[in-house]
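Take a look at the structure set out below.
Throughout, read-outs are computed from the coordinates displayed, never taken from laboratory work. All figures in this text were calculated on a predicted structure; none of them were measured in a lab. Neighbour counts are summed over all protein chains in view; Cβ atoms, including those assigned to glycine, are modelled from backbone coordinates with ideal geometry.
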Amino acid sequence: QVQLVESGGGLVQAGGSLRLSCVASESIFSGNTMAWYRQAPGKQRELVAGITSGGSTNYAESVKNRFTISRDNDKNTLLLQMNNLNPEHKAVYYCRLRVSSRDDYWGQGAQVTVSS
C-alpha cells in the first residue's frame, strides 16, 4: 500500500510563500505522473498542477507563473512552491499518485490559509 505524506502547509500573509512536500513510501513514485489538487471550502477538488515522470509540467490557469511543481525521484518527493499567495488560495492541498484506476493514491491533505 503506497502512502503519501504531505507537509508544509500553514498560515501565511498575503504575498507570502509556502512550499508543500509530498513523500511517497515506495519507489513506484519515479515512473508515474504526480499531481497536486486542492479543495477550497464549499468547492469541488480541482487540479492545481501535474508533472510527468520525465518532468513535463502542466498548471491550472489560475496558478501559472505563481506556483511551481517539481519532483525529486531519488527522494520519492513531490514539491509545490507557491509564491505571491492571496486569500483565494486558501484550501486543503492534496498530492495524488495514480498508477491505474485501481491504484489511485492520495495524501492526507495540507491546509493552506492566507490572511489578507
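If I ask for residues that are under 13 Å from residue 22 (Cα atoms) and in contact with a Gly (Cβ under 6 Å, 6 or more places away or on another chain), which ones from segment 70-110 would you list?
The answer is 94, 95, 110.
Do any residues in segment 80-102 that are closer than 15 Å to residue 39 by Cα have Cβ atoms under 9 Å from those of residues that are surrounded by fewer than 19 Cβ atoms within 10 Å (Cβ to Cβ) and of a type in the set (Phe, Trp, Tyr), where the two are at least six apart or on different chains, and which pairs are they?
Partner pairs satisfying both residue conditions: 94/106; 95/106; 96/106.
Which condition number does residue 112 fail, the rest of (1) surrounded by 15 or more Cβ atoms within 10 Å (Cβ to Cβ); (2) without any contact (Cβ under 8 Å) to a residue 60 or more places away in the chain being met?
Of everything listed in (1) surrounded by 15 or more Cβ atoms within 10 Å (Cβ to Cβ); (2) without any contact (Cβ under 8 Å) to a residue 60 or more places away in the chain, residue 112 misses just condition (2).
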